[in-house]
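Asker: The following block contains the structure, expressed as structure tokens.
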């Protein structure tokens, strides 16, 4: 299988992996009683929990293995700041 045969799409919090595995390695008149390799179209949908940034997902296909990295959403760390305190009867506006 080649990377051109794969399609990865994002739908909300779902990651859809689909494609077609071509049957181009068998002889035309070859028949099998049992075959453990599946050919043809396939599809898999993974629903990810909240907290992942699917817009930043990256995929790599190498030697028959598909790797998809989906980073966590970067939450901004709380910042510390000072609030000035007025003395006496000064207007706050």
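Every number here is computed from the coordinates shown, using simple stated rules; none is lab data. Model, not experiment: these values are computed from the prediction.
Asker: Along each of the three principal axes of the Cα atoms of region 1-54, give the extent in whole Å, ordering the values from largest to smallest.
Answerer: Principal axes ranked by extent give 50, 22, 11 Å for the Cα atoms.
Asker: Subtracting the Cα-Cα distance from 0.36 nm times the residue separation, let me have the gained length for residue 81 to residue 61 in nm, one decimal. Intermediate values should be presented prior to the final figure.
Answerer: Numbers: separation 20, 0.36 × 20 = 7.20 nm, distance 4.63 nm.
Going from the current span to full extension adds 2.6 nm.
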